[in-house]
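My structure is below; once you've seen it, I'll send some questions.
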Amino acid sequence: MTAQQHSERSLTRRNFVKAGAIACASGLFALNGCTLEEVKHSQLESDFKGIESKQYGLAINVSMLDALGGQEFIDTIIAACHSYHNVPQIDDPKHSIDWIWTQSYEEAFSDIASTYVDEKTASYAYPVMCNHCTDPQCVRVCPTQTTFKRPDGIVMMDYHRCIGCRFCMSACPYGARNLNFMDPRPYVDKATMNPGYPTRSKGVVEKCTLCYELIDQGSVPVCVQAAYGCITFGDLTDENSEIRQVLAQAFSIRRRVELGTGPNVYYIFDDSALYTNAFTGGEGTLFEEDLLEGGE
Ligand code: SF4
Ligand code: SF4
């Protein structure tokens, strides 16, 4: 991103106040108490230098997740994400915050779910999160540019700018966004909290940011690291990327494609990866006996 583009996207004091006034007039938000000084010092204003046009995405192999334990295994992936990002653990479903969670086939793919879908497909647990859409509706409706798209396709959150108007929550067809109705900090486990990741405050919306902080360091998202090869991350515009290789070899579906948002999380059905070096870490058939029922 050029300096000019960067400064064009940056909120001036005047724009911020104007955007706040517009949203305030709608009566839908409460200010979260952040200052313009915080806005000015937002960590997300920086660091776009050198990022070329890409579209990062994820390919989630639901067959493999099922083979590794299904919901139980996915729960460990969810825990890794939530723990790393200091996501508050609130039991009340009306106020709970989730960056990644599971849905049934019928819930996740309500538009295509068929009464006569095969039993395996219907039985899988599907991890769902922000789809880092190519044409994200949340970005279009956000009055303060709290949520914006980076040149590498990641749909970001700048928590300091969020005024809690919830326009983005209404616009997202995937329910990927959560509003902190109450102060989330008492619900972050102090014993395990990650001091390197910022906590959020009451009145702020949060969601998966594709672990941009790790990607910027040349690493991969936490869920990818925790998934034992069941989730592949990469640039979907690069035909040589690992994610494109994975997608080229297996049947995949995405959520609500008919809406035109261009979701970039793919769900693939392929248990042949059980036998590949990628999955076994180069150790041959490490998991075969453990994973395959009657695999003796
Ligand atoms: S899934 Fe929702 S929050 Fe994520 S980019 Fe798409 S519209 Fe925005
Ligand atoms: S990409 Fe990062 S933030 Fe998003 S679900 Fe995975 S671990 Fe969580």
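Taking segment 148-179, which residues are away from ligand 2 (no atom under 14 Å from the Cβ), in a strand (DSSP E or B) and closer than 17 Å to Thr134 by Cα?
Phe148, Lys149
Which residues, counting only those in segment 223-248, are of a type outside the set (A, V, I, L, M), surrounded by fewer than 21 Cβ atoms within 10 Å (Cβ to Cβ) and touching a helix residue (DSSP H, G or I) at 6+ places or on another chain (Cβ under 6 Å)?
The first filter runs over segment 223-248 and keeps only residues of a type outside the set (A, V, I, L, M), leaving 223, 225, 228-230, 232-235, 237-242, 244-245.
Next, from what is left, pick out any that are surrounded by fewer than 21 Cβ atoms within 10 Å (Cβ to Cβ): 225, 228-229, 235, 237-242, 244-245.
Within segment 223-248, Gly229 is the sole residue that qualifies.
Residue by residue through segment 140-157, note down the ones that are closer than 13 Å to Met169 by Cβ and under 15 Å from the mean Cα position of the chain (by Cα).
Of everything in segment 140-157, those that are closer than 13 Å to Met169 by Cβ and under 15 Å from the mean Cα position of the chain (by Cα) turn out to be Thr147, Met157.
Follow-up. Can you work out which of the residues in segment 122-134 that are hydrophobic (A, V, I, L, M, F, W, C) and out of contact with any Gly (no Cβ under 9 Å at 6 or more places or on another chain) is farthest from ligand 2 (Cβ to nearest atom)?
Taking segment 122-134 first, the residues hydrophobic (A, V, I, L, M, F, W, C) are 122, 125, 128-130, 133.
Filter once more, keeping what is out of contact with any Gly (no Cβ under 9 Å at 6 or more places or on another chain): 122, 129-130.
On the way: Ala122: 24, Met129: 4, Cys130: 7 Å.
Among those that are hydrophobic (A, V, I, L, M, F, W, C) and out of contact with any Gly (no Cβ under 9 Å at 6 or more places or on another chain), it is Ala122.
Look at Ile77 and say whether it is within 16 Å of ligand 2 (Cβ to nearest atom), buried (at least 17 other Cβ atoms within 10 Å of the Cβ) and over 15 Å from Glu206 (Cα atoms).
In short, yes.
Still on this model: Applying the selection to segment 158-177, what residues are within 12 Å of the chain's Cα centre (by Cα) and crowded, with 17+ Cβ neighbours inside 10 Å?
Within segment 158-177, Tyr174, Ala176, Arg177 qualify.
Answer yes or no: is there a residue in segment 135-143 that is modelled with pLDDT of 95 or more, buried (at least 20 other Cβ atoms within 10 Å of the Cβ) and away from ligand 2 (no atom under 16 Å from the Cβ).
Let us first name the residues in segment 135-143 that are modelled with pLDDT of 95 or more, namely 135-143.
Now restrict to residues that are buried (at least 20 other Cβ atoms within 10 Å of the Cβ): 136, 138, 142-143.
If we keep only those that are away from ligand 2 (no atom under 16 Å from the Cβ) too, we end up with 142-143.
Within segment 135-143 (the criterion being modelled with pLDDT of 95 or more, buried (at least 20 other Cβ atoms within 10 Å of the Cβ) and away from ligand 2 (no atom under 16 Å from the Cβ)), the answer is yes, since at least one residue qualifies.
Same structure, new question: When segment 62-88 is examined, which residues are found to be closer than 21 Å to Cys133 by Cβ and either of a type in the set (Gly, Ala, Ser) or in contact with a strand residue (DSSP E or B) (Cβ under 6 Å, 6 or more places away or on another chain) (or both)?
Val62, Cys81
Tell me, which residue of segment 203-222 that is under 18 Å from Ser83 (Cβ atoms) and more than 15 Å from ligand 1 (Cβ to nearest atom) is surrounded by the fewest Cβ atoms within 10 Å (Cβ to Cβ)? Let's see the steps before the verdict.
At the first step, the residues of segment 203-222 found to be under 18 Å from Ser83 (Cβ atoms) are 206-214, 219-222.
So of that shortlist, the ones also more than 15 Å from ligand 1 (Cβ to nearest atom) come out as 213-214, 219-220, 222.
Working: Glu213: 16, Leu214: 16, Ser219: 13, Val220: 19, Val222: 19.
Restricting to residues being under 18 Å from Ser83 (Cβ atoms) and more than 15 Å from ligand 1 (Cβ to nearest atom), the top hit is Ser219.
Pick out the one residue from Thr192, Thr199, Thr209, Thr232 that is touching a Pro at 6+ places or on another chain (Cβ under 8 Å), hydroxyl-bearing (Ser, Thr, Tyr), touching a residue at least 24 places away in the same chain (Cβ under 8 Å) and within 16 Å of ligand 2 (Cβ to nearest atom).
Working: Thr192 fails: touching a Pro at 6+ places or on another chain (Cβ under 8 Å); Thr209 fails: touching a Pro at 6+ places or on another chain (Cβ under 8 Å); Thr232 fails: touching a Pro at 6+ places or on another chain (Cβ under 8 Å).
Result: Thr199 is the single residue among Thr192, Thr199, Thr209, Thr232 that is touching a Pro at 6+ places or on another chain (Cβ under 8 Å), hydroxyl-bearing (Ser, Thr, Tyr), touching a residue at least 24 places away in the same chain (Cβ under 8 Å) and within 16 Å of ligand 2 (Cβ to nearest atom).
Report those strands (runs of 3 or more DSSP E) wholly inside segment 52-132 carrying at least 2 residues which are more than 14 Å from Ile253 (Cα to Cα) and touching a helix residue (DSSP H, G or I) at 6+ places or on another chain (Cβ under 9 Å).
Numbers: elements: 56-61, 100-103, 126-129.
By residue number, 100-103.
Could you grab me the full set of residues in segment 212-229 that are in contact (Cβ under 8 Å) with a residue 24 or more places away in the chain, within 29 Å of Glu72 (Cα to Cα) and assigned to a loop (DSSP other than H, G, I, E, B)?
Of the residues in segment 212-229, the ones in contact (Cβ under 8 Å) with a residue 24 or more places away in the chain are 212, 215-216, 221-229.
Filter once more, keeping what is within 29 Å of Glu72 (Cα to Cα): 212, 215, 221-229.
Scanning segment 212-229 gives Pro221, Ala227, Tyr228, Gly229.
Sticking with this one: Considering segment 234-256 alone, what residues qualify as being within 16 Å of ligand 1 (Cβ to nearest atom) and in a strand (DSSP E or B)?
First, the residues of segment 234-256 that are within 16 Å of ligand 1 (Cβ to nearest atom): 236, 253-256.
Across segment 234-256, the qualifying residue is only Ile253.
Contact list please: Cβ distance under 7 Å, first residue in segment 90-106 and without any contact (Cβ under 8 Å) to a residue 24 or more places away in the chain, second residue assigned to a loop (DSSP other than H, G, I, E, B) and more than 16 Å from ligand 1 (Cβ to nearest atom), pairs at least six apart or on different chains.
Pairs found: Tyr105/Ala113; Tyr105/Val117; Tyr105/Tyr124; Glu106/Ala113.
Take the residues of segment 97-121 that are small (Gly, Ala, Ser) and either modelled with pLDDT of 95 or more or in contact with a Pro (Cβ under 6 Å, 6 or more places away or on another chain) (or both): which is nearest to ligand 2 (Cβ to nearest atom)? Show your work before the answer.
Taking segment 97-121 as the starting set, the residues that turn out to be small (Gly, Ala, Ser) are 104, 108, 110, 113-114.
With either modelled with pLDDT of 95 or more or in contact with a Pro (Cβ under 6 Å, 6 or more places away or on another chain) (or both) added as a condition, the list becomes 104, 108.
Details: Ser104: 19, Ala108: 15 Å.
Filtering segment 97-121 for residues that are small (Gly, Ala, Ser) and either modelled with pLDDT of 95 or more or in contact with a Pro (Cβ under 6 Å, 6 or more places away or on another chain) (or both), the one nearest to ligand 2 (Cβ to nearest atom) comes out as Ala108.
Give segment 160-189 a look and list any residue that's more than 11 Å from ligand 1 (Cβ to nearest atom), free of Cβ contacts under 8 Å to residues at least 60 places away in the same chain and within 14 Å of Lys207 (Cβ to Cβ), or say none.
Of everything in segment 160-189, just one residue is more than 11 Å from ligand 1 (Cβ to nearest atom), free of Cβ contacts under 8 Å to residues at least 60 places away in the same chain and within 14 Å of Lys207 (Cβ to Cβ), namely Leu179.
The values are calculated or read from the model by the stated rules, or taken from the named source; none is laboratory data. Values in this document were obtained by computation on a predicted structure and should not be read as measured data. Because the Cβ atoms are built from the backbone with ideal geometry, glycine has one as well, and the counts that use them run over all protein chains shown.
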